[in-house]
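J.: One structure, pasted below without further comment.
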Amino acid sequence: MTDQNIEHKVAQQTPESATQTRRAFLKGGVAVAGGVMFSQAASAGYDPKAAVAGYEGQKEITDPLARPVERNKLGYGVRTYPYGMPSKYEDHVQRRTLDWLTPDTYASITMSPLHQLHGIITPNGLHFERYHGGMPEIDPKEHKLVIHGLVERPLVFTMEDLKKFPAVSRIHFIECPANGAMEWKGVQVDSVQWTHGMMSCSEWTGVKLSTLLKEAGVDPKASWVIPEGSDASAMSRSIPMEIAMDDTIVAWAQNGEALRNEQGYPIRLVPPGCEGNMWVKHLRRLYVTNEPLQHREETSKYSELYGDGSAVRFSWVNECNSVITYPSPDFKMDGPGRYVVKGIAYSGRGKIKNVDITMDGGRTYHEATLTSHVLDKAWTRFEYEFDWDGSELFLQSRATDETGYTQPQAPQLREKRGTNPVYHRNAMVTWRVHAWNSDRAGVIDNVQF
Ligand SMILES: Nc1nc2c(c(=O)[nH]1)N[C@H]1C(S)=C(S)[C@@H](COP(=O)(O)O)O[C@H]1N2
Ligand SMILES: [Mo]
C-alpha cells in the first residue's frame, strides 16, 4: 500500500465533522498567510536525496521536508552561555512600564506581558515589579532576619540558618491590589498587560513563617506580625497572626532558582492570596506585637474608601478575578472561523471552581474548560472554543472560586465602591471584537459598560 492510499483510507474513516473542525482551526493560517502545502513529491513519501536536491537549487524553500538550512553548518557550543536566555526571536516578550504611572524612576511599576505568557508559571525575567524607593542589592552573606517583639526568644537568622529549616515549595500568584486601578473611572489602556499585568505566578520555596515563629515562641497576647524590608522604602504592613501562622512562607527561591533581585533577593515574605504590598521584599525583620502599625503610610495608602463614604481600614485578600488573554486588544481576529478563547483565573480565597465566558456582554454564558492544574491561590488556565461568524462580540470571562464567590460586572462593583477607589478592582473586563464587515474588521478594543 502506498502512502497515498493510506492517507485516502484515513480520510475515509474520519468523520466529516472532525475533519471540518480541524481545517477550520487552520483556515486563518494557511489561507491568509498563503501557507505552504506539501509538494507532490513530499506527500508521495519522504526521499531525503530528492529533498536535498530540491534545497540546493532553490532560494526559497517551499518544501517542508527539504533539508533545513541549519544542517549546513555547526551550531553554537551551548557552554558559551552558562545561564540560558530565551530565543532571540522572543525578544518582543518583555515586561513594560507606563512612564506616567510613577512620579520618578525610583518608584516603579513594571508589568507582566500576560498576553504573551503560557501556562501558570511566570518566567522570572517577566515577573512584574513594584518598588517605592528603588531596588537595593543585598549581599546574602551579610543579610540577617530578626524576629523580635512579643516572643520568648528574639532570634537572628543568617541565610544559612534559614535554609537549614524544613522547606516547602508552593505555586501562588502575587497581585498588587492596584492592578486594574486605572480603569475605575473608565477605559484608559488598550492591553491586558496594562489592565492586569501587575500580577504574576511562581513556585516559591522557603520556610513556613509559622516554623520560625514557633522557634521564637510567640506570646499568646500577640496578634500581629509586622514585616519590614531592607530597602529605602522600609516597606511594612500589619499582618494578622492567623495569616502569619497559616500558609505564609519566608521564601528564598522562585521557580527553582534564588529569588531575582527585583523580587526581593535574598528573602521575601510570601503570604498567599494576600495583597502584593504584604509580600515584603528584602525582608529584614518581623516584629511580633499586639497592635497593628499606626504610621500614616499604611492607613492613608492601603485603607479603602467606599462609595457611601465609609472606609475599611484593613484589607488583605485579593478577590476572585479573571481575564481573557486571547483574543484581547493586542490581537486582531483574522476572519470568521474557529477560535479558542484563552485566559487566566485566580482567587486569593482558594481554588477556582469554574469560569464562564460570555460573547454578548453577559446575556448568555458558556462554561470554559480549566486547562491547567487547579491549585489553591494560584493562576488557573481556562479555554473555550467557538465559531466566530464575524459578528460583533463583547467578550468577558467570569470566575467563581471554591467559596462560591463570583466576580462582579463593572456596574455592580461601581455601585458598591463608587468610581474613586484605587484597590481591588476585580470586575469583569470587556473586549469588544469589531464585526468582520465593519471598517474596523476584527480589531479588539477594551470597553466598559
Ligand atoms: N521591600 C519592599 N517590598 C515590597 C515593595 C517595596 O517597595 N519594597 N513593594 C510591595 C508592593 S506594593 C508590591 S505590589 C509587591 C510587588 O512584588 P514584586 O515586585 O516581586 O512583583 O512587593 C511589595 N513588597
Ligand atoms: Mo503594590
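J.: Return the residue satisfying two criteria in turn: it lies in segment 366-376 and is outside any strand (DSSP E or B) and farther than 24 Å from Ser191 by Cα, and of such residues it is most open to solvent (accessible area, probe 1.4 Å).
T.: His373
J.: Run down Tyr339, Tyr287 and say which single residue is away from ligand 1 (no atom under 14 Å from the Cβ), part of a strand (DSSP E or B), farther than 27 Å from Pro408 by Cα and not polar (S, T, N, Q).
T.: Answer to the check: Tyr287.
J.: Which ones in segment 183-213 are of a type in the set (Val, Ile, Thr), open to solvent by 10 Å² or more (accessible area, probe 1.4 Å) and within 27 Å of Pro266 (Cα to Cα)?
T.: The answer is Thr205, Thr211.
J.: Go through Pro292, Pro240 for me and flag whichever is more than 16 Å from ligand 2 (Cβ to nearest atom), at pLDDT below 95 and over 26 Å from Ser322 (Cβ atoms).
T.: The conditions single out Pro292.
J.: Another one. Sort out which residues of segment 160-177 are open to solvent by less than 20 Å² (accessible area, probe 1.4 Å) and away from ligand 2 (no atom under 16 Å from the Cβ), and write them in order of number.
T.: Answer for segment 160-177, where residues must be open to solvent by less than 20 Å² (accessible area, probe 1.4 Å) and away from ligand 2 (no atom under 16 Å from the Cβ): just Leu162.
J.: Considering segment 234-270 alone, what residues qualify as being in a helix (DSSP H, G or I), surrounded by 20 or more Cβ atoms within 10 Å (Cβ to Cβ) and hydrophobic (A, V, I, L, M, F, W, C)?
T.: Ala244
J.: Further question: Among (1) closer than 30 Å to Lys332 by Cβ; (2) surrounded by fewer than 17 Cβ atoms within 10 Å (Cβ to Cβ); (3) within 16 Å of ligand 2 (Cβ to nearest atom); (4) not polar (S, T, N, Q), where does Gly180 come up short?
T.: So Gly180 meets the others, but not (2).
J.: Further, regarding this structure: Among the residues of segment 200-222, is any in contact with a strand residue (DSSP E or B) (Cβ under 7 Å, 6 or more places away or on another chain), within 25 Å of Lys416 (Cα to Cα) and at pLDDT 95 or above?
T.: Taking every residue of segment 200-222 in turn, none turns out to be in contact with a strand residue (DSSP E or B) (Cβ under 7 Å, 6 or more places away or on another chain), within 25 Å of Lys416 (Cα to Cα) and at pLDDT 95 or above.
J.: Still on this structure: In segment 291-312, is there at least one residue being within 15 Å of ligand 1 (Cβ to nearest atom) and among the basic types (Lys, Arg)?
T.: Within segment 291-312, one or more residues are within 15 Å of ligand 1 (Cβ to nearest atom) and among the basic types (Lys, Arg).
J.: Could you count how many residues in segment 240-283 are under 17 Å from the mean Cα position of the chain (by Cα) and basic (Lys, Arg)?
T.: Matching residues across segment 240-283 total 1.
J.: For the subset of segment 186-233 comprising residues that are part of a loop (DSSP other than H, G, I, E, B), under 25 Å from Val151 (Cβ atoms) and in contact (Cβ under 8 Å) with a residue 24 or more places away in the chain, which member is nearest to ligand 2 (Cβ to nearest atom)?
T.: Step one: of segment 186-233, the residues part of a loop (DSSP other than H, G, I, E, B) are 186-191, 197-198, 217, 219-223, 230-233.
Restricting the remaining residues to those that are under 25 Å from Val151 (Cβ atoms) gives 217, 219-223, 230-231.
Keeping just the survivors that are in contact (Cβ under 8 Å) with a residue 24 or more places away in the chain gives 217, 219, 221-223, 230-231.
Working: Gly217: 32, Asp219: 31, Lys221: 31, Ala222: 26, Ser223: 24, Ser230: 18, Asp231: 14 Å.
In this case the residue turns out to be Asp231.
J.: Now for a separate question. Any residue at all in segment 182-192 that's within 16 Å of ligand 1 (Cβ to nearest atom) and more than 22 Å from Lys164 (Cα to Cα)?
T.: The answer is yes; a qualifying residue exists.
J.: Any idea which residue in segment 302-317 is farthest from Thr248 (Cα to Cα), counting only those that are modelled with pLDDT of 85 or more and either touching a Phe, Trp or Tyr at 6+ places or on another chain (Cβ under 8 Å) or outside any loop (DSSP other than H, G, I, E, B) (or both)?
T.: Initial filter on segment 302-317 (modelled with pLDDT of 85 or more): 315-317.
After this cut, where a residue has to be either touching a Phe, Trp or Tyr at 6+ places or on another chain (Cβ under 8 Å) or outside any loop (DSSP other than H, G, I, E, B) (or both) as well, the list is 315, 317.
Values: Ser315: 16, Val317: 13 Å.
By that ranking, first place goes to Ser315.
J.: Residues His132, His127, His115: which one is in contact (Cβ under 8 Å) with a residue 24 or more places away in the chain, over 21 Å from the mean Cα position of the chain (by Cα) and surrounded by 10 or more Cβ atoms within 10 Å (Cβ to Cβ)?
T.: His132
J.: Determine if segment 161-181 includes at least one residue that is basic (Lys, Arg), under 21 Å from Trp252 (Cβ atoms) and touching a helix residue (DSSP H, G or I) at 6+ places or on another chain (Cβ under 9 Å).
T.: No: segment 161-181 contains no residue that is basic (Lys, Arg), under 21 Å from Trp252 (Cβ atoms) and touching a helix residue (DSSP H, G or I) at 6+ places or on another chain (Cβ under 9 Å).
J.: Which of the residues belonging to segment 97-129 are polar (S, T, N, Q), more than 17 Å from Thr195 (Cα to Cα) and more than 13 Å from ligand 1 (Cβ to nearest atom)?
T.: Listed by number, the list holds a single entry, Thr105.
J.: Within segment 354-369, is even one residue touching a Ser or Thr at 6+ places or on another chain (Cβ under 8 Å) and of a type in the set (D, E, K, R)?
T.: yes
J.: For segment 340-365, give me the residue count where each residue is open to solvent by 60 Å² or more (accessible area, probe 1.4 Å) and within 21 Å of Tyr405 (Cβ to Cβ).
T.: 4
J.: Pairs needed: first member in segment 419-440, without any contact (Cβ under 8 Å) to a residue 60 or more places away in the chain; second member anywhere, hydroxyl-bearing (Ser, Thr, Tyr); C-beta distance under 9 Å; at least 6 residues apart or different chains.
T.: Going by the 9 Å Cβ cut-off, the qualifying pairs are Ala435/Ser391; Asn437/Ser391.
The values are calculated or read from the model by the stated rules, or taken from the named source; none is laboratory data. Just so we're clear, the structure is a prediction, and the values are computed from it rather than from any experiment. All Cβ positions, glycine included, derive from the backbone under ideal geometry; neighbour counts span all protein chains shown. We work out accessible area using only protein heavy atoms, side chains counted, and drop any ligands, DNA or RNA first. Shrake-Rupley method; radii C 1.70, N 1.55, O 1.52, S 1.80 Å.
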